Amino acid sequence: MAQVATPAKAASKPKTNFQDKEKPTEVRLSNIIAAKAVGDAIRTSLGPRGMDKMIQTSSGEVVITNDGATILKHMAVLHPAAKMLVDLSAAQDVEAGDGTTSVVVLCSSLLSAAEKMLGKGIHPTTIAESFQRAAQKSVEFLTEMATPVDLADRESLLRAASTSLNSKIVSQYSSLLAPIAVDAVLRVVDPTVTNNVNLNDVRVVKKVGGTIDDTELVDGLVLNQNVVKSAGGPTRVEKAKIGLIQFQLSAPKPDMENQIIVNDYRQMDKILKEERQYLLNMCKKIKKSGCNVLLIQKSILRDAVNELSLHFLAKLKIMVVKDVERDEIEFIAKSLGCKPVADVESFTEDKLGYADLIEETDSAGARVVKVTGMKNAGKTVSVLCRGANSLVLEESHRSLHDALCVVRCLVKKKYLIAGGGAPEIEVSQKLMDYAKTLQGMEQYCFQAFAEALEVIPTTLAENAGLNPISIVTELRNKHARGDKTAGINVKKGTISNILEENVIQPLLVSTSALELSAETVKMILKIDDLVRNRENGH
Ligand SMILES: Nc1ncnc2c1ncn2[C@@H]1O[C@H](COP(=O)(O)OP(=O)(O)OP(=O)(O)O)[C@@H](O)[C@H]1O
Ligand SMILES: [Mg+2]
């Protein structure tokens, strides 16, 4: 009866009716569908047996990766709600660095749950707010389950870093990359700031050539640039006094485009002599300060160095590295303990940095400049990342970044939890129990949230080629019997104590994923209209 009545009613309604009751629901559902599509696209990449994506950018470049944030960043997502999931992944990347796939999969599952709740007629605001409270409660449960870790406990840090590397293309090198990540972060930890570490102090230099096995942690500085050899200057300097300059060693240019016509040979000679004298004076001034290595910032106004100045510098036995980028200056200055100099007049000895050795070496097909033995060593470290081709190299860099972030998470919040779907199942069950103490709609919403958390173990099992239903049911049983660390052993295809498999992850990765995804769900649910701005006539 009602079914017949509704369309007839709708047809009789004039279209110009101010309040269109259907529209908010339609907009909400279309947003949910669009966002879920993003989650579905990325789902297969979760976990150690997850698949990788090959992405071709508009410029024809190819990227192969397993990293959620990278996949989404390269995806041409058009729908605004779908874009929110891309931003969610980026937010997780900033906050935790790892878990960028999980966060999107989780959010998409929460949206499915919300869709069902909406179907039952529950108000979107109630759902959104209950989900946020449920996320808060889950974070509490997770924190209760977590085990504290000490930064001196290198083994645990290594295990956590290896777990994050497990799911990457470069996973077979995790025994090499994990210690590099742990040592790099531990070296730059500032003892005065106890709950954070600045990953900008860890520099990863990528050089194609060799294999990932050649990746190394350098206790010093590795430069992206090579030594200038055209003028025959030194390529190895011991007891280096390093100057970092931001001015140019070439003839000055007028501010405006000017032309000078010289039609007299004597005049021409004079100009050339002047230039020679000008450059020689600058080079001599540099030498006078005791400097024997010169790093020169790239210049867009005019040549940073020219043939003549290089010749003078080579004669004065000063090693030259040019094309230092503007944004590298700060890092180099911090590493070497030198001060960038913007004017030759202020180039004095106190601005120089000291290092025992700077040399250009040939390692596995690439020339690399390394600076070691700095006076104030330990403020920064460099990692020299190697790979046979740029695809492997880039992915290795991204994986190393994830591992570095995992260690940073442990500095920020010194707690570890088990992985392999164990925490999600445990929290899900605790939430279910907790939901029983609630009433009304909130209870429904908490239950739906708890069920939605199971997406992580389900997906892990699916991607590993296991039967998700039987695995998740068994997992639930084990946890119900109090086996809190039972997780999916992806390698053996069974359920076992996941701690024995050394699969552990930082608490912060999971808590931030929960909080951020609940926040995004709330944002999506609260949208009831999509208004396009057609100002430009498009
Ligand atoms: N050996 C393992 N056995 C079982 N589960 C594992 C194992 N290693 C990792 N996991 C699980 O895999 C999930 C992480 O997968 P993955 O690293 O692919 O995604 P992510 O961390 O969410 O995103 P990304 O690394 O792309 O930022 C976590 O839930 C983790 O517990
Ligand atoms: Mg990961």
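Descriptive notes on the structure:
- Taking other Cβ atoms within 10 Å as a rough exposure proxy, Thr25, Thr437 sort from fewest to most as Thr437, Thr25.
- Peptides 52-62, 106-116, 124-134 ranked from most to least packed give 106-116, 124-134, 52-62, packing being the mean of other C-beta atoms within 10 angstrom over each peptide's residues.
- Cα gyration tensor shape for segment 220-374, rounded if a/c is under 1.5, else prolate or oblate: prolate
- Measuring between alpha carbons in the structure, the pairs from Lys478/Lys522; Lys241/Lys334; Lys298/Lys370; Lys239/Lys339; Lys298/Lys339 lying more than 26 angstrom apart are Lys478/Lys522.
- For segment 232-311 versus segment 62-107, the spacing of their alpha-carbon centroids is 47 Å.
- For the chain, calculated [θ]222 nm from helices alone, where every DSSP H run of n ≥ 4 adds -39500 (n - 2.57): -16000 deg cm²/dmol
- When Arg187, Arg367, Arg398 are arranged by Cβ crowding within 10 Å, least crowded first, meaning fewest neighbours, the order is Arg367, Arg187, Arg398.
- Distances between placed amide hydrogens fall under 5 Å for Tyr415 paired with Val149, Leu507, Leu508, all partners being 5 or more residues away or on another chain.
- Part-to-part distance (alpha-carbon centres) for segment 427-462 and segment 120-182, which is given in Å: 18
- Of interest is the spacing of the C-alpha centroids, which for segment 186-212 and segment 381-413 amounts to 9 Å.
- Exposure proxy ranking, count of Cβ atoms within 10 Å, fewest first, for Met117, Met256: Met256, Met117
- Each of Ser390 and Asn258 was given a label point 7 Å from its Cα along the Cα-to-Cβ line. The distance between the two points is 4.2 nm.
Taken together, the values in this text are just the output of simple stated rules run on the coordinates, not laboratory data. Please read all numbers here as calculations on a predicted model, not as lab measurements. Here the Cβ is made from the backbone with ideal geometry for all residues, glycine too, and neighbour counts use every protein chain on show.
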